[in-house]
1. For an R0 of 41 angstrom, estimate the FRET efficiency from the Cβ-Cβ distance between A:Ser98 and B:Arg250 and round to the nearest 0.05.
2. Lys/Arg Cβ at +1, Asp/Glu Cβ at -1, dipole of the protein assembly as shown taken about the Cα centre: which of A:Pro62, A:Leu207, A:Asn140 is farthest positive-ward?
3. Starting with the fewest neighbours, write out B:Tyr330, B:Tyr240 ranked by other beta-carbon atoms found within 10 Å of each beta-carbon.
4. Suppose R0 equals 35 Å. What FRET efficiency, 1/(1 + (r/R0)^6) with r the Cβ-Cβ distance, do B:Thr391 and B:Ala94 give to the nearest 0.05?
5. Each residue of region B:249-262 in order: what ³J(HN,Hα) in whole Hz does its phi give by Karplus 6.51 cos²θ - 1.76 cosθ + 1.60, θ = phi - 60°, with x for Gly and Pro?
6. Run lengths n ≥ 4 of DSSP H only: what is the helix-derived mean residue ellipticity at 222 nm for chain B, with -39500 (n - 2.57) per run over all residues, to the nearest 500?
7. Please return the longest stretch of chain B lacking exposed loop sites, where trypsin sites (Lys or Arg not before Pro) count only if DSSP places them in a loop and at most 13 other Cβ atoms lie within 10 Å.
8. Return B:Tyr343, A:Tyr157, B:Tyr111 ranked ascending by Cβ neighbour count within 10 Å, so the fewest neighbours appear first.
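Read-outs: derived from the displayed coordinates by stated rules, not from any lab. Given the structure is predicted, the values throughout are model-derived calculations rather than measurements. Don't worry about glycine lacking a Cβ; one is built from the backbone with ideal geometry, like all the others, and counts go over all protein chains shown.
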Amino acid sequence: MRPPARAYCSRSSGGAVGALAALCVLLLAGPAPAATLVVNVHTPDGHALPGAVVTVRALDGPARHATAVHAVMDQVNRSFAPDLLVIPVGSTVEFPNSDSVSHQIYSFSPAKRFQLPLYRGKPYPPVHFDQAGVVTLGCNIHDEMLAYLLVTDAPWYGRTNDGGGWSVEVPRGRYRVALWHPRLREDTDELERELTVGDSDRADLTLRLSKPLQPAPLSDRPHSWDY
Amino acid sequence: MLSGLRPAALLLVLLAASATGRATDWQLSLDTRLVSSDAYPSFMEGGLGTVRFGSGDSGVRLGRLRLALSQPLGELWSAHLDASVFDDQGGSVAGLTEAYLLFRPYPFAGYRFRLKAGGFYPPVSLENRAAGWESPYTLSYSAINSWLAAEVRIIGLEGTLEWLGTRSGHAFDLGVTAGVFGWNDRAGVVIANNGFVFTDRQTPLFGRVGQPGVAPLNGAEPFMEIDRRAGGYAGLEARYLDRAVLRVLRYDNRADPTDIDTLSHAIAWDTRFTSAGLRLEADHGWTAIVQWLEGVTTIAPQSQTFNWPFQSTFALLSKRFGRSTLSARYDRFAVQSNVADVYGSQDGHAWAAAYIFDADAHWRFALECVRVISSSTNREEQGGPPLATETQWQLAIRYALGSTIH
């Protein structure tokens, strides 16, 4: 039986002193004192997992959304660069082609179906992403090209660093933290955790995958070979 | 009529280029060889040697001079031409090894359809994945793929439907392919007369094999339509991410083995085969390929039926270290014969080892040794030993340039 993903929440011991201190902070600093939410992601064998996408949604209070951004996904040396972008709903993405060969970009993902007819350079306006979900990108000429856009409606999001960690300042409250990675083997539902960011200035959550990731795309294969 | 196809195809591409305004992608490469061989003369020279260069060819040779053009035709169509010069063509100076139109509409709901029309290889080889249907692992192709290079080509239509699972959250892609073709009624003439060989010489479309006037091939044309009956093939392909490819294909040229071309007196060879192959790629540059092919070719002139069942298998292991690739391949091959004197029967195995150094995008250096140990009734009939070991060394230097080579 595989071990379940584990969540740890750190809570302070609380008590009257802590409550009084919190009240003082509230009175002095105004509403919504922030705390640091620290998320660490591990592989099943305990190694840090860099590059995992973490999204955080508040379970209480008014709905919040991250501000839309304008992002760029380039095509360099017959690869998308970067190979993963996380953008809030409503964002736009430009897809320049910096290669000397033409590309023909498509997605048939339910979150955004689109295609950019054969092109080089930057002939098309940015594409608008107005629905949350995973958008898988491909090139209809070069099958080895593969990249992802995660369009999220979460107000806080980011990717784990080389040490498998990511942190964000959030108001105290209850949150749902979700993890996503393009090469995950398990259901995303298994990697969602709820936690309360309470009295302490810091809350820690450790997520551990129950299955190893799928192998990464081979990177050292000559582009002239068929896929 | 057929000789007019080449200029017509070139004209088509040039017209299309000027009409669409889209740039033509091109590649030009020159591959020269320093050869040392103790082999018998090759099938192209009318001999029964099992490698491309016989002992008489030792010295500096032309490996291949190649010009490839690729031209988008509108949004979803493209034209592809691959022209080559080999120095052992028995009269044909240059030819097109492949020339086809490709229709590649956008994927829809996770599926993609592709249509190829023209002259091209059936999707059998897992080894010949580099530009120009070359192997990036060795200079000489495996017995299976050398045979395809010599006398098997699709001149017709191929449709492929793929389920793009890796684009919709899965680890697999699946594809089914089917094709109809003509002008391959002579596939079988090389394998029945010469057996399996190890070469990287690709017979151009409508080109010849052997030397005119020299038995047994007499400059035969593998790409002829004799019985006006279309051949067909169907195959499956499964992929696991970019790590594994599994291919299975059944080919039948459906030639009428009793039919003879009235003009040239060429006999139709009824050839069918089944092939399967698996290619695995792993981190750190490792590649492993196994391929298997089994088939039979039959002729039945003057109410006699002669057939030659044939089988071959190879395993290849390759490792890339930076710009270097080190590969080794082991082939087994056999041809049986029901002819009274077992004409054409062959049995053998071969080792190939190659070191390839890609200095940059333009220059490639390769060193290869192929050793073939085979028994052959035809060689014995010609006064040679029934069992022979042939060894061919090649040092290759290739320079390539083009619009996509930087």
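1. On the way: r = 43 Å, r/R0 = 1.05.
Calculated transfer efficiency: 0.40.
2. A:Pro62
3. Details: B:Tyr330 14, B:Tyr240 17.
With the sparsest Cβ surroundings first, the list reads B:Tyr330, B:Tyr240.
4. On the way: r = 30 Å, r/R0 = 0.86.
Computed FRET efficiency for B:Thr391 and B:Ala94 comes out at 0.70.
5. 8, 10, 10, 8, 7, 6, 6, 7, x, 8, 8, 10, 5, 5
6. On the way: 4 runs with 36 residues, N = 406.
The helix contribution divided over chain B gives -2500 deg cm²/dmol.
7. On the way: sites that count: B:Arg228, B:Arg323.
Counting only loop sites that pass the neighbour cut-off, the longest clear stretch is B:1-227.
8. Values: B:Tyr343 16, A:Tyr157 21, B:Tyr111 13.
Fewest-to-most ranking of B:Tyr343, A:Tyr157, B:Tyr111: B:Tyr111, B:Tyr343, A:Tyr157.
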